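Some notes on the structure that comes next.
The values are calculated or read from the model by the stated rules, or taken from the named source; none is laboratory data. Just so it is clear, the model here is predicted, and its values are computed rather than measured. Cβ sites come from the backbone with ideal geometry, for glycine too, and all protein chains shown count toward neighbours. Side chains included, ligands, DNA and RNA excluded: accessible areas come from the protein's heavy atoms. Shrake-Rupley method; radii C 1.70, N 1.55, O 1.52, S 1.80 Å.
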Amino acid sequence: MKSKKIAQALLGTRAAGLYFVLFAVAIGIATFIENDFGTSAAQKVIFKARWFELLLLLFGATIVFNIVQYRMVQQHKWALLLFHGSIIVILAGAALTRY
């Protein structure tokens, strides 16, 4: 029971919203850093930082968790499944590009 609460706190819908807002703030800040100090500074401080990788990993995990939790396949929610699946594909592409 306790592990369900932890999973819900880290991977639930509210957590996904929080990760999305943190992602938007981080790339917004990266834009200002890049404008003032150059691309390499933004890469070093934001885009190549471990915390940013963790943020993207957690965001991707919340997407998968919510697909399973809301049983999108069993309920034939194809539009929602396609939308969430596209986010996973984008994140996977970003990971492949990165590594």
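General observations
- Nearest 10 degrees, 0 to 90: helix 78-98 Cα axis against the chain principal axis: 40
- Between helix 13-37 and the chain there is an angle of about 10 degrees, using the helix long axis and the longest principal axis of the Cα atoms.
- FRET efficiency estimate (nearest 0.05) - Cβ-Cβ, V25 to T97, R0 22 angstrom: 0.50
- Most mobile listed residue (A79, A30, A61) in the chain, GNM with C-alpha springs under 10 Å: A79
- The chain: calculated mean residue ellipticity at 222 nm from DSSP helix runs of at least 4, using -39500 (n - 2.57): -27000 deg cm²/dmol
- When Cα extents along the principal axes in Å is calculated for this entry, the matching label among (i) 33, 26, 24; (ii) 49, 30, 22; (iii) 46, 28, 18 is (ii).
- Dipole moment magnitude, nearest 20 debye, the chain about Cα centre, only Lys, Arg, Asp, Glu C-beta charged: 520
- Difference of contour (0.36 nm per residue) and Cα-Cα distance, F37 to K2: 8.0 nm
- Local electrostatic count at G38 - Lys and Arg +1, Asp and Glu -1, tallied over other residues with Cβ under 15 Å: 0
- Taking all protein chains into account, the per residue accessible area for the chain stands at 73 Å² (1.4 Å probe).
- Cα centroid separation, the stretch 30-49 to the stretch 60-99: 28 Å.
- In the chain, the longest principal axis of the Cα atoms and the axis of helix 2-11 are about 50 degrees apart.
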